[in-house]
1. Under a point-charge model restricted to the Cβ atoms of Lys and Arg (+1) and Asp and Glu (-1), what is the dipole moment magnitude of the range 310-405 relative to its Cα centre, in debye to the nearest 20?
2. What order, most packed first, do the peptides 736-745, 342-351 have when packing is the mean number of other Cβ atoms within 10 Å of each residue?
3. Name the long-range amide H neighbours of GLU591: under 5 Å, sequence gap of 5 or more, or other chain; modelled H, no Pro or chain starts.
4. Can you give the FRET efficiency to the nearest 0.05 for GLU301 and ARG901, using r as the Cβ-Cβ distance and R₀ = 45 Å?
5. At a probe radius of 1.4 Å, what is the per-residue accessible area of SER683, in Å² to the nearest 10?
6. Give the cross-link partners of LYS323 among the lysines, using a straight C-alpha distance below 16 Å as the criterion and excluding same-chain residues fewer than 8 apart.
7. Could you report the accessible area of ARG356 in Å², rounded to 10, computed with a 1.4 Å probe on the protein chains as they sit in the structure?
8. Got a number for carbon plus sulfur as a percent of the range 285-358's accessible area, 1.4 Å probe?
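The values are calculated or read from the model by the stated rules, or taken from the named source; none is laboratory data. Note that the structure is predicted; figures quoted are calculated from it, not measured. Every residue, glycine as well, gets a Cβ built from its backbone with ideal geometry; the counts of neighbours run over all protein chains shown. The accessibility values were calculated without ligands, DNA or RNA, using every heavy atom of the protein model including side chains. Shrake-Rupley method; radii C 1.70, N 1.55, O 1.52, S 1.80 Å.
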Amino acid sequence: MASVLISNLIFVLQQPGLMPRMEEERQQLLQLFTAILPAMMPALGQLICADQGEEEEIRTLVRTLSENSTWLSDLDAAAYEVDDIIDEFRYATLRAGKSILARLICRDARIKDYFEIILWVDVGNEFNIDRIAKSVIDQVIGKDCCLSEGDPDLLQRRIYQELSGKRCLLVLDDVQIEGNFEELQILISWLNQSAAGSSLIVTSNDARRVEKIYAFSSGVHFIRDLTSDHLLHLFCNRAFIDNKEFYLKVCPIIENILTKCEGWILLVNLMAGLMRFKKQLAEWQEVINQLKNYPKEYYPELCFNHLSSEIKECFAFCSVFPKGHYMDKEVLVKLWMANGLISSNGPTSVEEKGNRIFNELAMRHFFEDVKLVPRSSSRDKHGYRSRVICKMHPLIHDLAIHVSRNVQTVSSRYNQNPEIRVLFILGDSPVDIPVLLKNYPNVRTLISLDVLFERTVNCSVVPESNSLRALHLHSAKFDRDLFEVKYTKHLRYLDLSGSRIKRLPESTSSLYFLQTLNLSKCLLLCRLPEDMRYMRSLRHLYVDECPKLKKMPVHLGQLSCLKTLTTYIVGESAGNNIDELKCLNLSGLLEIYNLRKVKDVTIAKEANLLSKKNLERLTLCWGRQQLVIPKENNDWEVLEALLPHNGLKVLKIQLYGGHEFANWLAYPVGLQNLVELHLIGCSQSSTIPAVWKLQSLRVLCLKYMINLTCFSSFTSFPDIDEKDSSELFPSLKRLVLVGLKRLKTWREGEAMQRTILSFPVLDEMEITNCPKLKTMPSVPMLKYLTISIENHGLLRSAIDLITQSKSLVDVNMAKATGSDNEAWSALGAEVEGCNSHKLRVMRLDSTNSLFMDRAILHLQLGFWRSLVSLEYLDIFNCSSIVAWPLEEFRKLNKLKRLSVRKCPNLTGSLPSELQEGEKLLPIPRIL
């Protein structure tokens with residue numbers, strides 16, 4: 001794990017400005033560790049962290065895990081030479097602890113490369129093997145597995161299926177259990193079913209607990225107490241971010257505070273967060289006087305007492321969520337709003353004030369692990385991230401429960417309690433809203449998250465008199481029609497996202513106080529209430545990913561408070577044209593569909609997108625579904641009129657019928673902050689925008705642009721020549737090309753150019769259904785390749801890339817079915833001697849060319865022999881495989897898992913070349 005820690009130090013050291021007045025030392029450390037790291041081999045095994053004080057010195061950890069490594073002496077000398085600087089980074093910047101250290105390990109790039117799956121489970125004081133199993137399955141498949149925690153046999157079969165043959169890293173965080181560890185042995189048996197090299201990390205605050213897991217202690221790493229210097233660095237980094245000079249005045253008080261915290265990092269963080277907001281010496285002295293009356297266990301409550309009454313209420317509300325639950329910042333703020341916890345006086349909007357409250361709680365360390373994640377696909381690691389999530393430390397969660405009032409978590413049994421105001425529903429039992437409101441008549445907030453994919457909900461009838469302010473029923477399956485919402489006149493927040501609802505009752509329009517209505521991903525939703533223009537308090541309307549929704553209610557422009565409108569479908573009649581967006585100050589996501597119905601360009605200009613400075617993601621679509629684009633259209637003029645502001649992060653253009661893109665997009669000098677660009681179904685366009693020098697662009701997706709012949713044309717740009725090619729696409733990480741039927745070249749005049757187009761930092765590339773493309777670009781950092789082979793030229797380029805790449809780890813290849821041997825003949829001996837050192841996973845679908853002809857077997861074998869690191873091989877639908885491909889597989893010495901499916905001509909007989917005693921594969925076991 002030493003290399004893991006060093007790589008994280010390198011990452012930190014690469015950030016200029018993080019070591020004020022120590023720039024020279026930063027450069028020295030960066031050079032030193034960068035030189036040492038390549039000689040290090042990551043020690044990947046079972047690491048169990050037990051909190052017995054402070055973390056061991058990095059060199060001690062190095063000796064423990066890599067005792068005989070040749071780089072140890074260099075690292076040891078370096079550690080002594082720059083010991084003070086390392087300490088500042090380890091504790092003031094990385095803030096290492098049990099969970100933090102485990103997170104750093106999981107986030108290391110080489111750990112991610114080595115393990116196919118990284119799994120994290122917050123255990124706490126309840127070791128529930130079924131809950132852990134379900135969490136593991138959910139993380140592996142990337143969604144809810146729809147299995148009940150009450151069916152252990154089914155969970156165990158599914159977990160064996162999902163983990164079989166995969167190298168995984170499982171982290172069990174904060175294990176607090178005592179006594180019987182038989183269930184944990186079951187969990188360890190899961191790892192035995194996975195691929196060799198799978199590892200387990202357990203963090204605990206008591207070594208006695210982990211000793212029961214293993215009979216030996218060599219895998220335990222003890223974290224020692226932080227020294228006074230380390231604590232001082234940590235405290236000052238949090239408390240004096242905005243006022244470093246104030247430190248000199250309060251130095252004695254800081255020493256007093258740290259003494260009282262007794263090395264407890266959580267308390268140090270909390271106290272530093274508290275003192276950060278104390279600007280006068282007298283305020284510091286007042287806190288010291290208060291500490292005299294509190295034992296250290298009550299310091300979190302002391303920090304809570306210094307919050308404003310408004311922030312106290314918002315913090316206490318968070319107790320409704322279970323321990324370890326990641327809270328969505330956007331949802332949390334809207335729930336605070338619905339419950340009237342945020343005052344809305346003054347020019348500051350209530351959402352902005354809620355964001356400030358959230359940020360202050362995070363700065364005061366009441367929230368931890370605050371991070372940005374993608375809003376949609378968890379696999380889109382390079383896309384724009386705008387969703388903020390966080391959770392609370394278990395002790396802070398206990399504090400929230402202690403200070404909260406009238407908050408309860410229930411499962412299937414509903415006990416009567418008229419005092420309860422906030423209710424969180426656990427388990428997978430059906431939810432009966434009428435019964436809940438009868439047993440809890442004063443409940444204001446009812447939250448039922450997506451425990452399973454769908455939860456049956458009965459809400460057909462509700463009492464006419466109720467206090468419901470917020471109703472969160474994600475992924476609900478209603479067994480009857482939705483209740484008459486007119487009886488929930490106090491409702492401020494209604495989330496039915498992912499449910500099977502087809503339509504809202506017309507009485508929804510009478511919810512005059514409703515602020516948030518979330519209907520995202522309601523796949524059956526076909527219409528909205530017609531009179532929504534009367535919902536004057538509505539601030540956020542989410543209707544994205546509702547494919548059956550065909551039109552919008554009229555006059556939505558009258559909703560002057562509206563700040564979020566994720567989807568707008570243009571109509572032809574007055575009241576539902578695009579000019580309804582004119583006066584709406586929208587933010588976040590906006591998808592505009594049916595732009596082909598905009599007949600008057602002046603109306604498009606009235607949408608006034610340029611003024612909507614808070615928009616982050618914009619979709620402009622000329623149809624709701626695939627349609628025939630008329631040759632004569634005004635698409636160019638409409639697009640030109642829909643100029644967005646220059647802070648836009650994500651832009652999608654769909655079913656656009658112009659031959660060229662509007663000027664603001666064709667020459668996107670005003671889109672320097674753009675992170676993602678998607679051009680889909682722009683069938684008349686023969687060029688793409690000049691995005692090759694956009695510094696922020698990380699994702700470029702081109703689909704079904706059937707007239708595109710050249711990926712990039714620089715002839716119209718005299719400032720770009722061959723010498724500048726290395727500076728093109730400086731940040732692009734993901735490239736998707738799908739259905740580009742006429743695409744031939746990567747750059748204009750490619751055949752006469754000595755240099756080819758290069759993507760210097762590209763990580764993922766997909767090329768599918770591009771039949772005329774015969775070459776591959778230069779992709780020195782590519783890790784993930786998905787490609788369908790349409791001709792022998794592309795096959796040759798793909799083989800050349802796979803066999804010579806130093807970075808590829810995962811390849812999906814399809815449709816290499818041609819009978820032409822030209823690709824192999826052209827390669828000749830070029831493949832021989834090449835090794836793809838990092839390629840671990842390969843999936844082959846209909847790739848007959850790789851098993852085609854015994855006459856050129858010697859050429860094909862060069863390809864197979866280059867796959868020296870291959871561990872997972874999946875072969876599907878290859879009719880050219882007749883006999884077992886013994887020669888092809890003979891050198892796959894690291895193969896751990898092989899799947900051969902739907903190869904109709906493969907016989908059951910053994911190959912004649914099989915020598916006596918020789919195995920079909922040179923490995924002891926195939927999973």
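1. Charge dipole of the range 310-405: 300 debye, to the nearest 20.
2. On the way: 736-745: 18.6, 342-351: 12.8.
Going from most to least packed, we get 736-745, 342-351.
3. So GLU591 has HN proximity to THR567, TYR568, THR619.
4. 0.15
5. For SER683, solvent-accessible area is about 20 Å².
6. LYS391
7. Per-residue accessible area (ARG356): approximately 130 Å².
8. Numbers: 1460 of 3120 Å².
On the range 285-358, the fraction of accessible area on carbon and sulfur atoms equals 47 percent.
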